[in-house]
Amino acid sequence: MKQLIIINGPNLNLLGDREPEIYGNTTFVKFLERLKEKYSDIEITYFQSNIEGELIGKLQEVGFDYDGIILNAAAYTHTSVGIGDAIKAIKTPVVEVHISNTFSREAFRHQSYISPNARGVILGFGLLSYDLAIQSFVEVF
Ligand code: DQA
């Protein structure tokens, strides 16, 4: 059985309440239930943190054993050399996801420290971006 992890960064614990016009009305916990039902032959674990070091710690912890990491580093995408370096250091492939199309937003969101080290990037499809990332692990990696 494939083992994937979804890692979400800061403020993504507030999905459903946070700026719903950008991020939608669904909580991640509800969405995750549906994903787990849809992909019942894949083990999907979930981790969220608002703290950069905890995200790096989790990448290091799973990054030599898991089959894939789906990472939405949220605001740290645009600032964190440390998370970028962690992705370089580990063996497990990382697919970067974003709910919104970061390129249609403010200029500071156009920079990503994740993308150069990720196997692929999926953005702008709402929560479907996570589903597409799982599909990429089923069909490509
Ligand atoms: C985000 C986009 C980031 O720019 C932002 O800081 C987030 C969420 C997204 O999923 O669209 O928190 O990663």
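Data overview
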quantity: Number of the exception - residue 114 against (1) touching a residue at least 40 places away in the same chain (Cβ under 8 Å); (2) out of contact with any strand residue (DSSP E or B) (no Cβ under 6 Å at 6 or more places or on another chain); (3) within 12 Å of the ligand (Cβ to nearest atom); calculated: (2)
quantity: Scan of the range 107-139 for residues that are open to solvent by 80 Å² or more (accessible area, probe 1.4 Å) and in contact with a Pro (Cβ under 9 Å, 6 or more places away or on another chain), ordered by number; calculated: 119
quantity: Residue that is nearest to the ligand (Cβ to nearest atom) [pool: residues in the range 8-51 that are open to solvent by less than 50 Å² (accessible area, probe 1.4 Å) and at positive phi]; calculated: 24
quantity: When residues of the range 1-25 are limited to those that are polar (S, T, N, Q) and touching a helix residue (DSSP H, G or I) at 6+ places or on another chain (Cβ under 9 Å), the one farthest from residue 53 (Cα to Cα); calculated: 3
quantity: Residue match in the range 69-89 (condition: of a type in the set (D, E, K, R), more than 9 Å from the ligand (Cβ to nearest atom) and either under 24 Å from residue 34 (Cα atoms) or out of contact with any strand residue (DSSP E or B) (no Cβ under 6 Å at 6 or more places or on another chain) (or both)); calculated: yes
quantity: Lone unmet requirement of (1) modelled with pLDDT of 95 or more; (2) within 16 Å of the ligand (Cβ to nearest atom); (3) surrounded by fewer than 18 Cβ atoms within 10 Å (Cβ to Cβ); (4) under 15 Å from residue 127 (Cβ atoms) for residue 104; calculated: (4)
quantity: Counted residues, the range 125-140 - those being more than 16 Å from residue 5 (Cα to Cα) and touching a residue at least 60 places away in the same chain (Cβ under 8 Å); calculated: 1
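Yes or no, residue by residue, for (1) closer than 21 Å to residue 131 by Cα; (2) not small (Gly, Ala, Ser):
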{"site": "42", "(1), (2)": "yes, yes"}
{"site": "53", "(1), (2)": "no, no"}
{"site": "57", "(1), (2)": "no, no"}
{"site": "64", "(1), (2)": "no, yes"}
{"site": "68", "(1), (2)": "yes, no"}
{"site": "71", "(1), (2)": "yes, yes"}
{"site": "76", "(1), (2)": "no, yes"}
{"site": "86", "(1), (2)": "no, no"}
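The values are calculated or read from the model by the stated rules, or taken from the named source; none is laboratory data. Please read these numbers as outputs of a predicted model, since none were measured by experiment. Glycine also receives a Cβ, built like all others from the backbone with ideal geometry; neighbour counts cover every protein chain displayed. Heavy atoms of the whole protein, side chains included, go into the accessibility calculation; ligands, DNA and RNA do not. Shrake-Rupley method; radii C 1.70, N 1.55, O 1.52, S 1.80 Å.
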